[in-house]
Amino acid sequence: MTTTLDAFEPPDRLLLGPGPSAVHPRVLRAMSAPLVGHLDPAFVALMEEVKGLLRTVFATENELTIPVSGTGSAGMEACLLNLLEPGDAFVVGVNGVFGTRMAEVAERAGAVVHRVEAPWGRIVEPEQIAAALANAERPKLVAVVHAETSTGAWQPIPEITELAHRHGALMLIDCVTSLGGAPVEVDAWGVDAAYSGTQKCLSCPPGLAPVTFGPRALAAMKARTTKVRSWYLDVSLLAQYWGEERVYHHTAPITMNYALREALRLVVEEGLPARFARHRRNAEALAAGLAPLGLSLVAQQGHRLPMLNAVGVPEGIDEARVRGRLLAEYGIEIGAGLGPMKGRVWRIGLMGESSRREHVLTLLAALEDVLAGEGRSVTRGQAVAAAQAAS
Ligand SMILES: Cc1ncc(COP(=O)(O)O)c(C=O)c1O
């Protein structure tokens, strides 16, 4: 028996969750271009352009700056598995889902993991990292999450990088959610390796993980005495495809690379400073609009991300029902809390193309309506007016 299915028609959604974010029509058009081979001279030329554009957004001169096939977690694994060998001491900031994930990956790589814990929503303090470094035996690598998507905490990097280097360790950052939405200064901060994802502030579909490795990281990888515990993510092999040799390793996801090139072109056309300012402005408008609704942000004051806003759910409000109604009645997606924040926060993403003033106003109008419907006392129009006044 054969079953025929209709073509899939996705519903219209306004993506204001923790990712994926909205994708510009130019990126979608780029994805519908015909395929070429992954060693075609035209594709090779595109690869070089993508590497150059990635260097611009990472603010680095690092030659080895490439998109790894796979989502942000593939970037995480590529960095950790290539920089760590069994027995290496790894100091990692754990203040949310993604620091926890790094610790888990590093354990699988056989590293000795020193977790530096901070309450969810707060940053990891440099003094905590300093104490862990002092306790670790010959620390090899320090890592923190620049933009902790599970909580909205914005981690400062340079001081921790300096500490890592003082102890002879490399510095790795997770900038999956920050890249293209807030400054990520790989060279100026002295970061040795960083990974990201395409589906957040780069506004490209999920599927590639930009990574960059600096000279110290390359030297550490060259000095390895054991094989990388992943063939697919072995950076020395990937570098032979992305470098001059063009040696086949695996078939590059052609269409995703078209998409990333176009998404990065859009980033560069807007300009990084203008893009960062837009993300800040829209986050401020959102915060201003949430206040009259009696809603507030839960991440540590002074360390709140502009692209991921964790909003406390008021007492007596059913978190999941509000999210469900926003989706069903308005086609708006926002995110739920994870781990200890489950049921206690909504995560509102204003990432890349999703970070638009009109989206903030639309969401606030919908929230006013849904919260009123859930029995909360709301003066309609106030939230929208406050956000308009603030932007
Ligand atoms: C900070 C951070 N790191 C890593 C990841 C993992 O990325 P992915 O889900 O694309 O594998 C995410 C995804 O949300 C993230 O927000």
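General observations
- Pairs of C-alpha atoms in segment 46-102 farther apart than 15 Å represent 63 percent of all such pairs.
- Quarter of the Cα convex hull surface for the chain, i.e. its orientation-mean projected area (nm²): 21.3 nm²
- Shape category assigned to segment 327-377 from the gyration tensor of Cα positions, a/c cut at 1.5: oblate
- Distant alpha-carbon pairs in segment 1-158 (separation over 21 angstrom), percent: 62 percent
- With the Kirkwood sum run over all distinct C-alpha pairs, segment 56-137 has a hydrodynamic radius of 14.0 Å.
- Treating r as the C-beta distance of Arg265 and Glu245 and R0 as 30 Å, the FRET efficiency rounds to 0.65.
- Whole-percent carbon and sulfur share, accessible surface of the chain, 1.4 Å: 54 percent
- Mean residue ellipticity (222 nm) of the chain, computed from DSSP H runs ≥ 4 via -39,500 (n - 2.57), nearest 500: -12500 deg cm²/dmol
- Centre separation in Å (Cα based) which lies between segment 233-255 and segment 329-345: 38 Å
- Candidate lysines for bridging to Lys140, where Cα separation is under 20 Å - those fewer than 8 sequence places away on the same chain excluded: Lys222, Lys227
- Note that segment 1-55 shows a convex hull volume over its alpha carbon atoms of 183 Å³ per residue.
- A Stokes-Einstein calculation at 20 °C with viscosity 1.002 mPa s, built on the Kirkwood radius of segment 241-342 over Cα pairs, returns a diffusion coefficient of 122 µm²/s.
- For the chain, the solvent-accessible area with a 1.4 angstrom probe is 41 square angstrom per residue.
- Glu329-Glu358 pseudo-label distance in nm [points 7 Å out on the Cα-to-Cβ vector]: 2.3 nm
- Two-decimal log10 I(q)/I(0) for segment 283-391, as the Debye equation yields it once each C-alpha is a single scatterer, q = 0.12, 0.18, 0.22 Å⁻¹: -0.35, -0.85, -1.35
- Between Glu48 and Arg108, the modelled labels are 3.6 nm apart [label points 7 Å from Cα along Cα→Cβ].
The values are calculated or read from the model by the stated rules, or taken from the named source; none is laboratory data. Owing to the predicted nature of the structure, the values given are computational and were not obtained by experimental measurement. Using ideal geometry, Cβ is built from the backbone for each residue, glycine included, and neighbour counts are taken over all protein chains shown. Surface areas here come from the heavy atoms of the whole protein model, side chains and all, with no ligands, DNA or RNA. Shrake-Rupley method; radii C 1.70, N 1.55, O 1.52, S 1.80 Å.
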